[in-house]
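Below: one structure, written as structure tokens.
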Amino acid sequence: MKNTERTDVAARNLLSRPTMEDVARAARVGRMTVSRALNQPELVSPESLAAVQAAIEKLGYVQNLNAGSLASNRSRIIGAVIPTIANTFFSETISGLSQTLAEKGYQLLLGQCLYDAAEEMRLIDAFVGRRADGIMLIRTSRPTDLENRIKRCGIPFVEAWDTSNRQIDMLVGLSHRDAGAAAARYLAAKGRRRLGYLGSNDARSSARLQGLRAAAKQAGLPNAEAVIFDRPSGITDAAAMLDTLLALRPALDGLFCSSDMLAAGALFDCQRRGIRVPDDVSIMGFADLPIASATHPGITTIRVPSLEIGRMAGAMLVDYLDGKQPANPRVDLGFTIVERGSA
């Protein structure tokens, strides 16, 4: 097909698309009512809303979002930058965020930086360039890299998952240092004296290790040994990591892992080695993923409110965009220790 023919076809298709005026005529309402039904349905009577929705369905109308954003200076798009979609707890946070935004007529754009600080910055710039109204960020980069970038953007930001970060705009999550400290206190209360840690080289995992060591010291325990992978670690990494840890601390009797997947891998490897759990070694995980309750024994873990973090982040962004200052721009949702058979 020649270029001119393609252009003619595209023009005919564009002209044949139903417009908002077509929907208004079919629904026997005004154009403004159609606009409200699409963007603020709570302001439209149930009868008119049903008529508009029926007309949209009949005509196959698709809203021109670009036109609306030009008129209102709003794109009704929220960007989210996360380290990875592979971790279930991050996926739950995105699910909570998406639910809240959808209820308020916003759409979500998602980018994963794979723990690469430079890619995180590129994604933030891309979302700002696409006129996102706000951004939720589960941070990878250092605060000094991020603060000026956020302040220059001129749109609301919510940092999620770690309240120990220095606050730049809004913040919702939990203290990972406190979670690590709680794990140490729990293991010490179970009579465990020689603690170890398996984790990854990221800020949140490092904060949990710091908390573990600080609380162990307060309890009069030896310094907790740690084996840290330079990349995100999972269930298949646990055996090699535990092998290294046992070489450093042969009398290990309490183990805290930075994820339930690592804890499950450590449990399976202990069973292979003939190490009894929890008689010889107590094992704790983090996040309370489904695998934590599926193993035998079940894994004692630290439950985090992953879904609620996303919902709260969405609510904070929407409130800000609606002109409401959040009552508390820094929200710590805490965590809960879930006791099972492994510790």
## Note on the structure
Tilt, helix 203-218 to longest principal axis of the chain (alpha-carbon atoms), in degrees rounded to tens, equals 30 degrees
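Where the only charges are on Cβ atoms (+1 Lys, Arg; -1 Asp, Glu), what is the dipole of the chain about its Cα centre, to the nearest 20 debye?
Taking the Cα centre of the chain as origin, the dipole is about 320 debye.
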### Query
In degrees between 0 and 90, to the nearest 10, how far off the longest principal axis of the chain does helix 143-153 point, with axes built from Cα atoms?
10 degrees
### Exposure proxy ranking, count of Cβ atoms within 10 Å, fewest first, for 333, 195
333, 195
### Paramagnetic reach from residue 142 in the range 161-183 [backbone N under 19 Å; point 7 Å along Cα→Cβ]
164-168
## Note on the structure
With only helices counted (DSSP H, runs n ≥ 4, each -39500 (n - 2.57)), the per-residue ellipticity at 222 nm for the chain, to the nearest 500, works out to -15500 deg cm²/dmol
#### Entry: Distance (nanometres) between label positions extended 7 Å along Cα→Cβ at residue 193 and residue 294
3.8 nm
### Message
Over the Cα atoms of the chain, each weighted equally, I'd like the Debye log10 I(q)/I(0) at q = 0.08, 0.13, 0.15 Å⁻¹, rounded to two decimals.
### Response
-0.51, -0.96, -1.15
### Task
Treating cross-link reach as a plain straight distance, find the lysines whose alpha-carbon is under 30 Å from the alpha-carbon of residue 104, omitting any fewer than eight places away in the same chain.
58, 151, 324
### Summary
Plugging the Cβ-Cβ distance of residue 84 and residue 210 into 1/(1 + (r/R0)^6) at R0 = 25 Å yields, to the nearest 0.05, a FRET efficiency of 0.65
### Message
Run the simple label-point estimate for residue 217 and residue 339 please: 7 Å along Cα→C-beta, distance reported in nm.
### Response
2.9 nm
### Message
With a 10 Å cut-off between alpha carbons and a GNM built on the chain, which of 159, 120, 57 moves the most?
### Response
57
### Task
Against the globular-protein guess of 2.2 N^0.38 Å, express the Cα radius of gyration of the range 176-303 as a ratio, rounded to two decimals.
0.91
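Explain nothing, just the number: relative contact order of the chain, from Cα pairs under 8 Å at least 6 residues apart, as a whole percent.
Working: 632 pairs, mean separation 53.5, N = 343.
Answer for the chain is 16 percent.
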### Query
To the nearest 0.05, how large is the calculated FRET efficiency for residue 17 and residue 230 if R₀ is 56 Å and r is the Cβ-Cβ distance?
0.60
### Task
Once you've got the GNM for the chain with C-alpha springs shorter than 10 Å, pick whichever of 251, 266, 313 has the biggest mean-square fluctuation.
251
### Query
Which whole-number percent gives the relative contact order of the range 176-303, counting Cα pairs below 8 Å spaced six or more residues apart?
24 percent
### Task
Using Cα pairs closer than 8 Å and at least 6 residues apart in sequence, work out the relative contact order for the range 68-210, in percent.
20 percent
### Task
Choose one of 181, 256, 81: the residue whose Cα lies farthest towards the positive end of the charge dipole of the chain (beta-carbon charges +1 Lys, Arg; -1 Asp, Glu; about the Cα centre).
81
#### Entry: Extension reserve of the residue 53-residue 125 stretch, reckoned as 0.36 nm per residue once the Cα distance is removed
22.3 nm
### Summary
For the chain, longest principal axis from Cα atoms; helix 88-103 axis from its Cα atoms; angle between them, nearest 10 degrees, is 30 degrees
### DSSP bridge pairs, the chain: antiparallel proportion in percent, nearest 5
10 percent
### Task
Post the alpha-carbon centroid distance, the range 310-342 to the range 182-202, in whole angstrom.
27 Å
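The numbers here are math on the coordinates, done by the rules we state, and not lab data. Since the model is a prediction, treat every value here as computed from it, not as a measurement. Virtual Cβ from ideal backbone geometry, glycine too; neighbours counted across all protein chains shown.
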